[in-house]
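Shown next, in structure tokens, is the structure this report addresses.
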Amino acid sequence: MSTKQGRRGEERATRYLTHRGYQILERNARLGRGELDIVARRDDLIIFIEVKAHRSRQSSLLAMHPDKCARLRSAAETWLSRHENYATWQCRFDLIILTPRVGLPAWIPPRIEHMEDIIR
């Protein structure tokens with residue numbers, strides 16, 4: 001996936017989340033061994049959201065391997081340590097998958113799938 005395609009996917013994911021009542025706190029936070037695509041809050045919950053915009057849903061799911069999840073946890077811990085006002089809040093890891101609609105014109109937006117609480 002290209003950086004341009006990834007940024008476009010993150011923009012779509014941000015709009016999707018905002019329309020559903022999420023407050024975006026930060027995007028593309030590079031912290032230690034990992035990067036957090038989107039950090040959001042909703043009610044009294046901090047959500048760390050990974051965005052995948054691969055050609056297939058299966059490819060996006062395979063990209064969430066154990067090492068990737070460990071890097072996300074590490075980055076989230078670092079983010080929380082730098083934002084002490086959120087340190088005691090409940091946290092969750094979500095995944096947003098954007099998959100192109102095969103056989104349809106390119107101007108039709110990709111399918112968005114939001115999976116909540118993907119890392120335990």
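The values are calculated or read from the model by the stated rules, or taken from the named source; none is laboratory data. None of these values were measured; they are calculated from a predicted model. Positions of Cβ are backbone-derived with ideal geometry, glycine not excepted, and every protein chain shown enters the neighbour counts.
Taking the range 75-115 as the search range and keeping residues that are farther than 20 Å from GLY6 by Cα and of a type in the set (D, E, K, R), which one is surrounded by the most Cβ atoms within 10 Å (Cβ to Cβ)?
It comes out as ARG92.
May I ask you to list the residues in the range 70-90 that are hydrophobic (A, V, I, L, M, F, W, C) and in contact with a strand residue (DSSP E or B) (Cβ under 8 Å, 6 or more places away or on another chain)? I'd like the intermediate steps shown before the answer.
First pass over the range 70-90, keeping only residues hydrophobic (A, V, I, L, M, F, W, C): 70, 72, 75-76, 79-80, 87, 89.
LEU72, ALA75, ALA76, TRP79, LEU80, TRP89, listed by residue number.
Evaluate the range 68-77: report whether one residue or more is outside any loop (DSSP other than H, G, I, E, B), within 19 Å of ARG8 (Cα to Cα) and among the acidic types (Asp, Glu).
No, the range 68-77 has no match at all.
Could you tell me which numbered condition ARG41 fails, if it satisfies all but one of (1) part of a helix (DSSP H, G or I); (2) over 23 Å from THR3 (Cβ atoms)?
(1)
Among the residues of the range 67-74, is there at least one that is under 18 Å from GLY6 (Cβ atoms), within 17 Å of the chain's Cα centre (by Cα) and modelled with pLDDT under 90?
The answer is no, given that none of the residues of the range 67-74 is under 18 Å from GLY6 (Cβ atoms), within 17 Å of the chain's Cα centre (by Cα) and modelled with pLDDT under 90.
Run down GLU50, GLU10 and say which single residue is surrounded by 14 or more Cβ atoms within 10 Å (Cβ to Cβ), at pLDDT below 95 and within 20 Å of LEU72 (Cα to Cα).
It is GLU10.
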